[in-house]
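Chemist: Just passing along the structure, written as structure tokens.
The values are calculated or read from the model by the stated rules, or taken from the named source; none is laboratory data. Keep in mind the model is a prediction, meaning the values are calculated, not measured. Here the Cβ is made from the backbone with ideal geometry for all residues, glycine too, and neighbour counts use every protein chain on show. Keep in mind that these areas ignore ligands, DNA and RNA; they rest on the heavy atoms of the full protein, side chains included. Shrake-Rupley method; radii C 1.70, N 1.55, O 1.52, S 1.80 Å.
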Amino acid sequence: MRGVFVDANEALAVIMERLEKPGDPKVRIHRDPDIKPEQYPEILDGAEIAIVDHTALPTEVAKKCAGLKHVVFLGTGARSYMNPEELAELGISVHLIKGYGDTAVAESAIALMWASARVIAMMDREMRAGSWLREDGMQLTGKTLGLIGFGGIAAEVARIATGGGMKVIAWNRSPKSFPGVEFTDLDTVLAKSDVVSLHLLLNDETRGMITREKIFAMKPGVILINTARAAVVDEAAMIDALKSGHIRHAGLDVFNIEPLPADHPLTKIPNVTLSAHSAFRTPEASENLIEAAWVHCRRIVKG
């Protein structure tokens, strides 16, 4: 049984090679992170396992991948890149990797929160342009952070935020408990939070879940942080709320179109801090990610 890492950047390729152990299944590393979906059949060349970092795998393309039985997706958000149910009908199993970057993403969410509260990016842009912009920031100590969705990343965010003097409340679909966190209903989280941070997986239930109505149910002047998936939010409503000031500032790491086009409305709004879907990108997280990918490949081969 063979595998191919179809869209490896150099950093991940090096880690993949270093973590290989004697007796591991044969995995060829295709060192090109910018492949097109239609290249899958040629790159896989009949391999049974595809290791995928970020390249979409449409079902129609998967049908042309002779021999493909397993997709090891490097992360949890495979639904943004492929349809696991349709692939299952073709006999292709999609394997996810959870927890590898919980701390990395949580630290990025916290960084976006602080940068948004103190409008760091806005002042930086203005100073580079020659303006001495001085803006009042939001002091976060004593403020309420509301977490929507509560998995491993949100737990890390809660740990850091409570240590920083914030009150943390949260909503989760299933019952949860965590030291220092008050779990409540979604309406309460929206109404009482000075900062709302999203930590939802993208699926049919969560797509578009943060509607215009929910956005305007948030406290006026709220800070919105999204390191989860852009599609859980009504983007047009979020932009309207930013323009009106209902959302004081947004810190966003995820977008409906990636890379974000230079002329996208979000690039024109001053009260937004943007990062390029990089919350998970630390050496520690990458190491965890590739080790987990090898574990999947070993398990698949052993049946």
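Chemist: Output ³J(HN,Hα) for the range 57-62: one whole-Hz value per residue in order, computed from phi by the Karplus curve 6.51 cos²θ - 1.76 cosθ + 1.60 with θ = phi - 60°, and x for Gly and Pro.
Modeler: Couplings: 10, x, 4, 5, 6, 4 Hz.
Chemist: Which angle between 0 and 90 degrees, to the nearest 10, do you get for helix 152-163 versus the longest principal axis of the chain when only C-alpha atoms count?
Modeler: 30
Chemist: Using just the helices of the chain, give the 222 nm mean residue ellipticity in deg cm²/dmol: DSSP H runs with n ≥ 4 each add -39,500 (n - 2.57), and the total is spread over all residues, rounded to 500.
Modeler: -9500 deg cm²/dmol
Chemist: Considering just Cα atoms, how many Å³ per residue does the convex hull of the range 101-274 enclose?
Modeler: Dividing the Cα hull volume of the range 101-274 by its residue count gives 115 Å³.
Chemist: With every protein chain present, what is the per residue accessible area of the range 101-274 (1.4 Å probe, Å²)?
Modeler: Computed with neighbouring chains in place, this is 46 Å² per residue.
Chemist: Any chance you could give the angle, 0 to 90 degrees and rounded to 10, that helix 235-244 forms with the longest Cα principal axis of the chain?
Modeler: Approximately 20 degrees, to the nearest 10.
Chemist: If the cut-off is 19 Å between C-alpha atoms, which lysines fall inside it for Lys26, apart from same-chain ones fewer than 8 positions away?
Modeler: Partners found: Lys69, Lys302.
Chemist: Right, something else. Note the full-extension length gain between Arg207 and Met127 as 0.36 nm times their separation in residues minus their Cα-Cα distance, in nm to one decimal.
Modeler: 25.0 nm
Chemist: Fully extended, how many nm does the chain gain between Ala236 and His264 (0.36 nm per residue separation, minus their Cα-Cα distance)?
Modeler: Computed gain between Ala236 and His264 is 8.9 nm.
Chemist: Over the heavy atoms of Asp187, what accessible area does a 1.4 Å probe trace out, to the nearest 10 Å²?
Modeler: Solvent-accessible area, nearest 10 Å²: 110 Å².
Chemist: Just in the range 69-143: which chymotrypsin sites (Phe, Trp or Tyr not before Pro) are loop by DSSP and have at most 15 other Cβ atoms within 10 Å?
Modeler: For chymotrypsin sites (Phe, Trp or Tyr not before Pro) across the range 69-143 that sit outside H, G, I, E and B with at most 15 neighbouring Cβ atoms in 10 Å, the list reads Trp132.
Chemist: Hand me the tally of lysine pairs in the range 101-274: alpha carbons under 28 angstrom apart, and the pair either on different chains or 8 or more positions apart.
Modeler: Here the count comes out as 22.
Chemist: By how many degrees, between 0 and 90 and to the nearest 10, does the Cα long axis of helix 283-302 differ from the longest principal axis of the chain?
Modeler: Around 40 degrees separate the two axes.
Chemist: Relative contact order for the chain: what percent, with Cα pairs under 8 Å and sequence separation of 6 or more?
Modeler: Taking the mean separation of contacting Cα pairs over the length of the chain, I get 17 percent.
Chemist: Ordered by residue, what ³J(HN,Hα) values in Hz, to whole numbers, does the range 119-135 give under the Karplus form 6.51 cos²θ - 1.76 cosθ + 1.60, where θ = phi - 60° and Gly and Pro are x?
Modeler: 6, 4, 5, 5, 5, 4, 4, 5, 5, 5, 8, x, 9, 9, 7, 10, 10
Chemist: With every protein chain left in place and a probe of 1.4 Å, what is the accessible surface of His199, to the nearest 10 Å²?
Modeler: For His199, the solvent-accessible surface is approximately 30 Å².
Chemist: Sorted from largest down, what three extents in whole angstroms do the Cα atoms of the chain have along their principal axes?
Modeler: 58, 47, 34
Chemist: Please list the non-local residues whose amide H lies under 5 Å from the amide H of Met166, H modeled 1.01 Å from N, same-chain partners needing a gap of 5 or more.
Modeler: Here the answer is Gly142, since their amide H atoms fall under 5 Å of that of Met166.
Chemist: Would you grab the residues whose amide H sits under 5 Å from the one on Arg28? Only those 5+ places off in sequence or on another chain, please, with H modelled 1.01 Å from N.
Modeler: Gly3, Val4, Phe5
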